[in-house]
Amino acid sequence: MAEQRNIYNKHFVNKLAHSIKAAYSSFSKDAFISGVFHKEWDNQSLKDRMRHITIMLHKHLALDYHGALAVLYKVAPEFKGQLAGITFPDYVEQYGLNEWEMSMDALAFFTTYSTSEFAVRPFLLKDQKRMMEQFLTWSTHENEHVRRLASEGCRPRLPWGISIPSFKQDPRPVFPVLNNLLQDSSLYVRKSVANNLNDISKTHSDLLLTFTEANLNKHPHTDWILKHACRTLLKNGHPKVLQLFGFDQNHQVTISNFQLSAPETAIGGSLTFQFDLYGETEEKIRIEYAVDYVKSRGNRTRKVFKLAEFQVKKHLSKHYERKLSFKDLSTRKHYSGVHTLTILINGIEMKSLDFHLQ
């Protein structure tokens, strides 16, 4: 979050201070700004900066929880659509855990301008039953942002968010909420539902498989959600999931002329691969390529990339060519050694080539 932490900058803090001062004349604007930019500011992460701003808001508003919310309600709309606006629900997380009803209203309000998905997690940990009842209510809300919060808030593995150990162990309490959202008209909501289900698939693939079998082919929106939810299982070549989505592992597709532009390349460089595909009969196929990357200890780990997915016409011939980059990323560091590139059709390995990264 090194770069993203800079969403909390002088411009944001000054705008926030001026907006609060306009809404509440007794606010100590200059003292707030001075308090925010303390000596540790430059070294703080995004979440640390957010929390520090929250604490400074509380200190310089000098109001009880109800009074502070009344001011923040007036200010939050000025930061609509900005990730930095998560400081408003963070105030609820920090100071409203013992004011349940008031806090639920505030989280629903603030999520329409930024997102309350992180702030809601401590409430879920404090009283899972009560919070799940709230999620169920929110799942039928007229506002898509609140409906999304119902799904995003109960994800077992929310990125940047506090994890929910009980849902990693048993995610079944989540399903009633997701059931209400399976035909949601909002793509924003449907993406969240799919991501929630994908979280579940990582430890309970059997539950997602059963859920998919029960709900597939009932509504186009539901089908989209389930396909996206099963993306990890599809990449892993799960036979039953592939079958559910129409990908026959006994396909009649062949791969030929598979080659690399060079047998080796340097870290930071690139390689090009190409191959020809021939389809004998009409069938649905999913084309992927996998790279077995060498890790720091010399072991290898596989990363699968989707290349194409379509309905093959009889006697189809098609040529593919793609470039592989070996520049280090924040999410992947490269190491020297023998790597393997594999072409997969419907989860079945078709052809493989080794190459050396140095």
**OP:** Collect the residues in the stretch 231-259 that are hydroxyl-bearing (Ser, Thr, Tyr) and either over 17 Å from LEU316 (Cα atoms) or buried (at least 18 other Cβ atoms within 10 Å of the Cβ) (or both), keeping them in residue-number order.
**Re:** THR232
**OP:** Tally the residues that are assigned to a loop (DSSP other than H, G, I, E, B) and either at pLDDT 95 or above or within 20 Å of PHE247 (Cβ to Cβ) (or both), restricting the search to the stretch 337-358.
**Re:** 2
Subject >> Number of positions in the stretch 321-334 that are crowded, with 16+ Cβ neighbours inside 10 Å and either hydroxyl-bearing (Ser, Thr, Tyr) or outside any loop (DSSP other than H, G, I, E, B) (or both) >> reply: 1
**OP:** Would you be able to say whether some residue in the stretch 204-220 is touching a helix residue (DSSP H, G or I) at 6+ places or on another chain (Cβ under 9 Å), under 25 Å from TRP100 (Cα atoms) and either surrounded by 14 or more Cβ atoms within 10 Å (Cβ to Cβ) or hydroxyl-bearing (Ser, Thr, Tyr) (or both)?
**Re:** no
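Results for (1) assigned by TED's automatic domain parsing to the domain that holds TYR24; (2) small (Gly, Ala, Ser); (3) farther than 17 Å from HIS11 by Cβ; (4) surrounded by fewer than 14 Cβ atoms within 10 Å (Cβ to Cβ), shown as yes or no for each residue.
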site	(1), (2), (3), (4)
ILE55	yes, no, yes, no
HIS58	yes, no, yes, no
LEU61	yes, no, yes, no
ASP64	yes, no, yes, yes
VAL75	yes, no, no, no
LYS80	yes, no, no, yes
GLN94	yes, no, yes, no
LEU97	yes, no, yes, no
Original post:
Which of the residues that make up the stretch 233-279 are more than 25 Å from LYS327 (Cβ to Cβ) and of a type in the set (Ser, Thr, Tyr)?
Top reply: THR254, SER256, TYR278
Original post:
Of everything in the stretch 141-181 that's basic (Lys, Arg) and farther than 14 Å from LYS191 by Cβ, which residue is nearest to the chain's Cα centre (by Cα)?
Top reply: ARG157
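If you check ASP328, ASP292, which single one turns out to be farther than 24 Å from GLN243 by Cα and modelled with pLDDT under 95? Spell out the reasoning first.
Working: ASP292 fails: modelled with pLDDT under 95.
The unique qualifying residue is ASP328.
If you take the residues of the stretch 134-169 that are of a type in the set (D, E, K, R), assigned to a loop (DSSP other than H, G, I, E, B) and touching a residue at least 12 places away in the same chain (Cβ under 8 Å), which of them is surrounded by the most Cβ atoms within 10 Å (Cβ to Cβ)?
We begin by selecting, within the stretch 134-169, every residue of a type in the set (D, E, K, R); these are 142, 144, 147-148, 152, 155, 157, 168.
Remaining after also requiring assigned to a loop (DSSP other than H, G, I, E, B): 142, 155, 157.
After this cut, where a residue has to be touching a residue at least 12 places away in the same chain (Cβ under 8 Å) as well, the list is 155, 157.
Numbers: ARG155: 24, ARG157: 16.
Only one residue fits best here, namely ARG155.
Search the stretch 49-102 for residues being assigned to a loop (DSSP other than H, G, I, E, B) and among the hydrophobic types (A, V, I, L, M, F, W, C), and hand back the single one that is modelled with the lowest pLDDT.
To start, the set of residues in the stretch 49-102 that are assigned to a loop (DSSP other than H, G, I, E, B) comprises 62-64, 80-82, 96-99.
The next check asks that each one be among the hydrophobic types (A, V, I, L, M, F, W, C); those that pass are 62-63, 97.
Values: ALA62: 93, LEU63: 96, LEU97: 97.
That would be ALA62.
The values are calculated or read from the model by the stated rules, or taken from the named source; none is laboratory data. Quick caveat, the model's predicted, so the values are computed rather than measured. With ideal geometry, Cβ positions are generated from the backbone for all residues, glycine too; neighbour counts draw on all protein chains shown.
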